[in-house]
Structure formats: structure tokens, C-alpha cells
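Here the structure comes first, spelled out in C-alpha cells, and everything after it is commentary.
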Amino acid sequence: MVMVFIIGVTWYGLGALGKAAMQGYERDRVTAAALKQAKEALLAYLVTTAAMTTDTVDSRQANPGRLPCPESLSHPGTVNEGKAADLLPGYTCGAVGRLPWKSLGVDQIRDGYGEPLWYAVPLGTWAKTTTATALTINPGLANQMTYDGTASAVVAVIIAPGAGLNTTGEPGTPSGTCSGFAKVNQLISTRNAVPLIAANFLECGDATGANYTTIGTSPWSNDRTISITAAEVMDAIAGAVADRMQRQVAPALEEWRSTQSLANWGASFLPYASTFTQPASNDLCGNSGVVEGTIPVVSAVGSTCTAWGGGNVSGLLGSLLFLGCAQSGSNYQCFFFNTGFGALTTRVTATVSNVSGAFRAPITSASVTNDSGGTNSNFSLTFSPVTGSATLSVDLSFGLLGFLSLVTVTIPDLGNAAMLSDSRMTWFTGNDWSRYAYYTIAPGAKAGAASACSGSGDPDCLTVSGLPVANGNTDDKRFVLTLMGRAVGSQAQPSASVTDYLESHAQGTTSFTSSVVTSAYNDRQATCPFKVTFTDSTTSVLCN
Amino acid sequence: MQLKRPLLGFTLTEMAVVLAIITLLIGGAMATLASIAEQRDNEETTRRLNAAVDALIGYAVVNKRLPCPAVSGATGVEAPAGGATACTNPYGGFLPAQTIGFTPVDSSGYGVDSWGNRLRYAVAATVTGCSGSSTVPHFTNQANLKANGVSCKPNDIDVFCSTAASGTSSTCNSGIRVADQNTIAFIVFSTGKNGAVSGSGQGADDLANTDGNANFVNRFRSTTDSALGIYDDVMVIVPVGVFYQKLIAAGVLP
């Protein structure tokens, strides 16, 4: 009897011990796997949304790399459980909440204690607070959140909350990463009541957002976290962004060259590049004669990239005293006195420089105004591809003007060309991806080129070797837009040297090398002409 | 006078108590062993499903497309072979174990779960949201996948929490997806211990996964005690972003 009893007790005891040990190990393993899976799913979501060219839910196509909001704290147990808050109408995004697993396209992910994972984002920079929040996300956007005591270290944190804790009975005060935080009691009956309260699941800096930590300090915190950095986000979405550059930006550029520049200025050209400088501070204004650098997409608003000068007013009938011209706000104004006693007809001329270094629309006769009732005639705005400038000439006829009347003629600055507000371009320019895309135009595509880039083998074209046959010829390119990628090898960024960004091209040449992205090469080209070939051998020309 | 020494041995009462204890111990052990075996089978099946996903993505990296599902009555190879045309059975087929080099397989070459039932595989056959013109099949055709690009999202496979009406459960019913629409590139699943074919032992949600259409169910396991009925399938859902991300990293896309 005694022996049987002893054997039974021993067997049960050993079993219980083994079970407890396995549970602890097993829970840690499950938690680690859950965090890894969640990070992979979140980055994959960013790939999907970065590739979007349309989105009826919340215009996610406008900001590649935009992080989803956490699930609303009010949504557990409802039909909206698992959905990112920003994918629902009229949202206000919270900085911390449960991971929006359903929107990531995966089943609910739980940690080793069966708790759904949590997730924290920086609002206003990488995630929207409301649908009206304006974001500018590009490779230059910094990390925002404090992680393991380092400020601006990460852009998102996924948190495994672990079992509920009650540290109110623990001796001493919270220490380690929990130093300065209050003791908590999460073992309450209302823990899962909605709206959820983060502090009922997360401890210390994880609950307040003050300092997310990889592993909480026992016994004060049992959170486990995994972080996502800006570099990881950019690496994840680079391919999708490059795809959009090829499918959206490149056709828009080609349309400018073939159609818009011709309609606007009477000549087909791609604007000169802005001389390469450190991307974040480049003025994005093309420099005459520069065929490679940064794409000159600076907006006309607040920019002097194209500027009027050389203004003059001369008398055709009657007499006047020309006083001069000067820039006033976004206008160029010329002044003169009427020095005669009869009718006055004048000719106003001026030159706007650097038309070949920006995407600008011409002004019309009606946009040239004066303050003395003169009427316009013989308006012309003539672009010279050789000088890159455009010369305005307009005649102004006045009735009887008072002797020594001061007349002011106002010529507005050139406005943006339509392509800068083209929906194919706005994500690219609005997020400043343009700063991180190296722009090269073919000798035959610049303004005033002696001969055009006319097809395969033409030395006036660029060459991108390594492009698949399905994408057409490799040596007929009018421009190449290269997404430069993060630093690889010995490169150091940010930098004013293009060699710290480009691997596919040597400055001063007309050739590029397209290759598979590796640890030593991460350039991605968008170019024209470019086509894709489907399985039935039909082709779709993305740009001609 | 010397007392007679008592006889050695157990009384009937003692024997009964001992036997009762042993019976209890063995009974408990058997129940525990059954539970452990079931848990082990589920974990092993999940492991095989994850291995199948890895093998499918590995195949896609090498062949620049996903394979089509295998159909019944064959040998565990994709149908049709080569991926030139649309899959024979995109939603109701099996894991093409031979095509992707997955093991273990049954005698006919189909990948199996820990209960010996064939693993299932469904892949999206239609797409939406593509930038520019697009041609299907997308995911299973090398040229189209490359030409259509990564803006294309799957437009057919939907995984719901249940087939039950909302009156049965407000939080798990036929109107609630477990993953948002247009996010699922492919799924791999086991029909669970209760097997793959219609008959006794399967619930409505089990059967929904083998009816050949693009609507599937994935939820917690349950028995007849549940209002939702029996369900024991084990499923791994692969979002399109994960698929694209792997192929972009491998230089296959965009």
C-alpha cells in the first residue's frame, strides 16, 4: 500500500514539475514566434499598401510606408475586432492598441499566454491621427519612438503582454526599465472590459509610450516586444515604390516630354536635372545643361526656380518714361510714366529663365494685367530650347492717359505644369520620394538637343543593361529614374556625393546596369520606353 | 504458549483498494496520453502546414510563380503542369507535394497531415487593383505575375469565421471575415482528424472548406457542444504582402 502510494505521488510530482517547466519554455517560444510572425505580417501589409495606386478606404496610396492604426480599444468583441482603426469611417487613431491582425490578412496572433498582441505607432509622422492628417513619408523620415532607452529608435513596436501582473504586493519600488513607474494590478475582473485600458495589459514604459523595452524588468513587467525601424520599413517597400515609379511616374514624365512640353512650350524636352546634393536639402530646381541629378519637381509656389527678368516697356505710339521692373511677391511688375498727351501704345517684353529646368505652364495674355485700363494685343511667349528661357512680348494700348500717369504692368510668375498635380505624380512629389530618385535624361531628350533619341542603338539614348527581354530594348531609353536605396557596402548616407547612393551608374556616362537587389546593390530603375509581356505574348506598353 | 503467526498476504479489501488506485492511475494516464497525442498531432500538422508554406514560397522564388493545386486522382503534381494556363481547381485542390518537394506524402504522392489526410491548398485566381492592364492567371503564371506587378491584389479567396448565421453567433458568423478582403494570396490547410470527405463527423464549417468554392472557414476548434458545430480544420493563411515581400527580396519582383 505504502509503496503504491509513494510511486503514485512521485509519478504525479515529477509529471507536474516537467509540465510546469515545459509550459514556461513553451510559452516563451510561442511568444517569440508570435512577435516574429506579427512583424512579418506588418511589413507585408506595408508592401501591399505601398504598391496601391488607388484606395477607396482611406487613400492609402498617397503615403507609401504609412503604418496602419492599432485596433480601436473599443472594438474587441465587435464585428470590427482586428481591423485597423484607420480603415473604418470617421476614425480617430490611438497610438496604442491591439495589433490589427484582420487588416494584416492573418489570423489573430496570440502570445504564449493566449493574449492577443498589442501594437504602438507614432501618430502624425508614420501613422494618421484622422483621415485629414497630412503625412510625408520617405527614406529621410526619422524613427520617432523611444526603445530600450534610446530616443528616436524605432517606428513601431509590437508587444506581447503576457499574463496579467499584480505587483502591488512586491517589496521595494519598480526598478530597471520600470524605474519611476507605479506598481500595477492587472488581475482585476474588468481587465477585458471595453474600451480596453493599455495599463491593464502592458507595464511601465510600454503602457505609457515613454520607453518601449525589448524585455520588461521582472517582476515589474513581463512584456516582450519586437520593434520595427524606419530602415526596415524602407527596405520592405522599396520594391513596391519602384514598381509605382515605373508604372506611374515614368509614364507621366514621358507624357510631359511627348505632349505637355510640346503643348506648353512648342518643343519636346525633359527638364534638366537639379545638380545632385544631399537629398533632403536639394532645391529640386533644374540647372541648365545638367543631365543627371535630382528630378526638378519644385513647385512654383514659393520658388524662384523660374524667374522673370530683363523687363522693358517701350513706346510704339506716344511717349513714356520707363522706370524699371521688379519682383513683387509672385508677380513681376514693370512701371512707367506716360509722358505724352494722346493715346499710348506700349510694348512690354520680359524673359523668364530656366523654363528648361522645371515643369512649368506658360502664362496667357489675359494673365498680364495693368492698372490703367490698357488692353492687350500681339501677346507671345516664345521658348528657346537653346537658352532654356522664354521671352514674353505683349502690346498694351491705352486711351487718354493723364500726363505723367504712373502705369504698373503685372506679369505673374509661371505656374506649375499640370503634371505636378497629376495623381500619378502626387504621391512621388508629395512625399519627397523625388529627392531619393536619381534622374538622368538622354542627350537626345534635353531641351535644344541636336538630334532626338530615336530608338534602339541611338547614341543619343541611354542604355540600361540587364533589363529582361520582356521589357523591350535596353538601349533606347530617354530617361532613367533610379530609386537609390539605402547605403550599401562602404556608402554613408546622408551625403552630398552621389557615389554614396548609386551602384548602377557612373556619373558622366549614359549607361546603367539593372540587377537583382543584393547586399551590395539596391538601385531600382524606372525608365521609358518600357513594356511588359504577358504569357500569351501580348504586351502592354507602360510608356512609349 | 506460542501464538500462531498470522498468514502472509493481502486481504480482499486491501486488494480491492490497490486495484482501484491502479485503475484510477491507468485511467488518468490513458486520458492524459490521449490528450497529449491529440495535441501532438495538431502541432505536427501545424508544423507541416508551415513547412508547406515555406516550400510553396521557395518554389515561387525559384520558378517565379506559385504552383497550381493538385487535383484528385493524380499523383500530387500541380494541374495543369507548367503554369501556362489557369489552374484546373484553384480552390478545391490539394497541396502539389511532388511539384514543390514536400514530404511526407501518401502512396499517391499527395502531402498528408499527421492523421494521414491529404493537405489542401487554394490559390487566388483573380486579381483587382492592378495598375494598368492585367491578365490572369496572376499568381500561378510567371509572365503575368511579372507583367501585372505588385499592385495587383487577390480578389477571390475569402476566409470567414463560420458559415453560421449571425443569429447563431454575433462574433463568429458568415458575415465576419478572419482576414480582410483582397488580402489572401493562398491558403494551406488540413481537414483535421475528422477527415476530408463529406459524411458523419464533419460540421458545416468543415465541409465549407472542401466544397470547391473560394469561401473558406477558419476558426477555433469545436465539437458538437458548440452552437457553431464541429470544426477541426487547421489552416495557415498567407497574405499577399508576405508573398510579394519574399519575391521582391529574392529579386523576382517587381
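Within the stretch A:47-61, the set of residues being more than 14 Å from the chain's Cα centre (by Cα), within 11 Å of chain B (Cβ to nearest Cβ) and open to solvent by less than 30 Å² (accessible area, probe 1.4 Å) comprises A:Thr48, A:Asp55.
Determine if the stretch B:110-125 includes at least one residue that is over 22 Å from B:Ala74 (Cα atoms) and surrounded by fewer than 23 Cβ atoms within 10 Å (Cβ to Cβ). No, the stretch B:110-125 contains no residue that is over 22 Å from B:Ala74 (Cα atoms) and surrounded by fewer than 23 Cβ atoms within 10 Å (Cβ to Cβ).
For the stretch B:58-95, a residue qualifies if it is polar (S, T, N, Q) and under 17 Å from B:Phe243 (Cα atoms), and exactly one does: B:Asn63.
Scanning the stretch A:62-83 for residues that are buried (at least 21 other Cβ atoms within 10 Å of the Cβ) and facing another protein chain (nearest Cβ under 9 Å) yields A:Gly82, A:Lys83. Do the conditions hold for A:Arg360, that is, is it under 27 Å from A:Asp422 (Cα atoms) and among the charged types (D, E, K, R)? Criteria met by A:Arg360. Criterion applied to A:Gly164, A:Gly140, A:Gly239, A:Gly216 was being closer than 21 Å to A:Tyr45 by Cβ and not hydrophobic (A, V, I, L, M, F, W, C), and the one residue passing it is A:Gly239. The number of residues in the stretch B:204-221 that are touching an Asp or Glu at 6+ places or on another chain (Cβ under 8 Å) and either open to solvent by less than 20 Å² (accessible area, probe 1.4 Å) or assigned to a loop (DSSP other than H, G, I, E, B) (or both) comes to 9.
No other residue among A:Tyr91, A:Tyr113 is more than 15 Å from A:Thr133 (Cβ to Cβ), more than 9 Å from chain B (Cβ to nearest Cβ) and either part of a loop (DSSP other than H, G, I, E, B) or open to solvent by 10 Å² or more (accessible area, probe 1.4 Å) (or both) apart from A:Tyr113.
Anything in the stretch B:57-72 that is open to solvent by 20 Å² or more (accessible area, probe 1.4 Å) and within 20 Å of the chain's Cα centre (by Cα)? List them, or say none. The answer is B:Gly58, B:Tyr59, B:Val71, B:Ser72. Of everything in the stretch A:510-526 that is open to solvent by less than 60 Å² (accessible area, probe 1.4 Å) and out of contact with any Ser or Thr (no Cβ under 9 Å at 6 or more places or on another chain), the residue that is nearest to the other protein chains (Cβ to nearest Cβ) is A:Val517. The residues in the stretch B:147-171 that are more than 7 Å from chain A (Cβ to nearest Cβ), more than 19 Å from B:Pro239 (Cβ to Cβ) and touching a strand residue (DSSP E or B) at 6+ places or on another chain (Cβ under 9 Å) can be counted, and the count is 2. Within the stretch B:141-155, residues that are open to solvent by 10 Å² or more (accessible area, probe 1.4 Å) sit with their Cβ atoms under 6 Å from residues that are among the hydroxyl-bearing types (Ser, Thr, Tyr), at 6+ positions apart or across chains, in these pairs: B:Ala143/A:Thr535; B:Lys153/B:Thr128; B:Asn155/B:Thr126; B:Asn155/B:Thr128. Just so you know, in the stretch A:527-544 the residues that are within 11 Å of another protein chain (Cβ to nearest Cβ) and either in contact (Cβ under 8 Å) with a residue 12 or more places away in the chain or part of a strand (DSSP E or B) (or both) include one that is farthest from B:Phe139 (Cα to Cα), and it is A:Cys543.
The values are calculated or read from the model by the stated rules, or taken from the named source; none is laboratory data. This structure is a prediction, so every number in the text was calculated from the model and none was measured. Backbone-built Cβ (ideal geometry, glycine too); neighbour counts: all protein chains shown. Heads up: the accessible areas ignore ligands, DNA and RNA and are worked out on the full protein's heavy atoms, side chains in. Shrake-Rupley method; radii C 1.70, N 1.55, O 1.52, S 1.80 Å.
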